Amino acid sequence: GAGVSQSPSNKVTEKGKDVELRCDPISGHTALYWYRQSLGQGLEFLIYFQGNSAPDKSGLPSDRFSAERTGGSVSTLTIQRTQQEDSAVYLCASSLAHLGQQGAFFGQGTRLTVV
Amino acid sequence: GQQVMQIPQYQHVQEGEDFTTYCNSSTTLSNIQWYKQRPGGHPVFLIQLVKSGEVKKQKRLTFQFGEAKKNSSLHITATQTTDVGTYFCAAYYQTGANNLFFGTGTRLTVIP
């Protein structure tokens with residue numbers, strides 16, 4: 001596609017339910033990043049993929065969070081047993097290569113609200 | 001962990017005034033990128049700096065990378081209302097994880 005696509009754009013879920021967020025990066029981009037942004041705050045790094053592998057999972061807040069990437073393309077971020085503190089905008093970004101060789105292109109984000 | 005400090009957190013300027021935001025790291029950076037996020041939007045890539053002491057310009061925006069590759073600045077000359085938003089620096093480190101660490105951001109308000 002022309003840009004990074006994320007779905008859904010908005011998600012309201014009940015506390016304790018599982019949610020799955022999807023990111024479709026720019027075609028050919030090997031690096032993919034997930035960030036979380038709370039209202040008025042900065043970007044909190046969650047996980048980074050190079051191809052299908054995730055060399056850095058250090059940002060995942062707890063074992064309720066997991067992510068995968070298949071075929072070097074689409075990635076899904078899964079949050080199990082959601083809590084109210086998980087409410088935030090989840091941003092996905094992709095870039096042509098890793099190690100900062102290119103700028104990252106962001107999707108519009110998924111706004112997650114846990115009630 | 002790696003930390004990138006950015007100051008100021010907020011800046012209000014009158015239209016036409018200049019604006020500068022600073023990004024600082026305690027360890028040497030591989031390179032640094034700058035992003036702009038409009039209210040309600042997503043971060044948009046502006047520029048990347050790689051070389052020690054590098055200076056790049058985009059119209060009214062001037063980006064600088066320190067000689068020691070530990071700090072960077074973004075300067076906007078004669079701000080306009082279209083400059084409103086949050087400016088983030090994002091850093092890659094020479095060692096460690098290959099992820100992009102974002103600074104805390106500077107939220108710019110331009111008063112017409």
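The values are calculated or read from the model by the stated rules, or taken from the named source; none is laboratory data. Here the structure is a predicted model, which is why all the values come from computation and not from measurement. Glycine also receives a Cβ, built like all others from the backbone with ideal geometry; neighbour counts cover every protein chain displayed. These accessible areas exclude ligands, DNA and RNA; they are computed on the full protein's heavy atoms, side chains included. Shrake-Rupley method; radii C 1.70, N 1.55, O 1.52, S 1.80 Å.
Brief remarks on what is shown
- Residue in segment B:89-100 that is touching a strand residue (DSSP E or B) at 6+ places or on another chain (Cβ under 7 Å) and either of a type in the set (Asp, Glu) or at pLDDT 95 or above (or both) present: yes
- For segment B:70-109, a residue qualifies if it is assigned to a helix (DSSP H, G or I) and either within 13 Å of chain A (Cβ to nearest Cβ) or under 25 Å from A:Trp34 (Cα atoms) (or both), but none of them does.
- Condition met for A:Asn10 (in contact with a strand residue (DSSP E or B) (Cβ under 6 Å, 6 or more places away or on another chain) and surrounded by 14 or more Cβ atoms within 10 Å (Cβ to Cβ)): no
- Here A:Leu39 meets the list (1) surrounded by 18 or more Cβ atoms within 10 Å (Cβ to Cβ); (2) under 24 Å from B:Gln6 (Cβ atoms) almost entirely, failing just condition (1).
- For A:Gln108: the one exception among (1) more than 8 Å from every other protein chain (Cβ to nearest Cβ); (2) polar (S, T, N, Q); (3) in contact (Cβ under 8 Å) with a residue 60 or more places away in the chain; (4) open to solvent by 60 Å² or more (accessible area, probe 1.4 Å): (1)
- Sole residue being within 18 Å of B:Phe102 (Cβ to Cβ), of a type in the set (S, T, N, Q), touching a residue at least 60 places away in the same chain (Cβ under 8 Å) and surrounded by fewer than 17 Cβ atoms within 10 Å (Cβ to Cβ), chosen from B:Gln37, B:Gln33, B:Gln14, B:Gln9: B:Gln9
- Within segment B:23-69, the set of residues being charged (D, E, K, R) and either touching a helix residue (DSSP H, G or I) at 6+ places or on another chain (Cβ under 6 Å) or outside any strand (DSSP E or B) (or both) comprises B:Arg38, B:Lys51, B:Glu54, B:Lys59, B:Arg60, B:Glu67, B:Lys69.
- B:Arg107 basic (Lys, Arg), surrounded by 13 or more Cβ atoms within 10 Å (Cβ to Cβ), touching a Ser or Thr at 6+ places or on another chain (Cβ under 7 Å) and within 30 Å of A:Ser5 (Cβ to Cβ): yes
- Listed by first and then second residue, the pairs with beta-carbon distance under 8 Å, at least 6 apart or on different chains, first residue in segment A:45-57 and touching a residue at least 12 places away in the same chain (Cβ under 8 Å) and under 15 Å from A:Cys92 (Cβ atoms), second in a strand (DSSP E or B) and β-branched (Val, Ile, Thr), are A:Ala54/A:Ile47.
- Residue in segment A:76-87 that is in contact with a strand residue (DSSP E or B) (Cβ under 9 Å, 6 or more places away or on another chain) and within 14 Å of chain B (Cβ to nearest Cβ) present: no
- Qualifying residue in segment B:45-57 (condition: closer than 22 Å to A:Phe49 by Cβ and either within 14 Å of chain A (Cβ to nearest Cβ) or among the hydrophobic types (A, V, I, L, M, F, W, C) (or both)): yes
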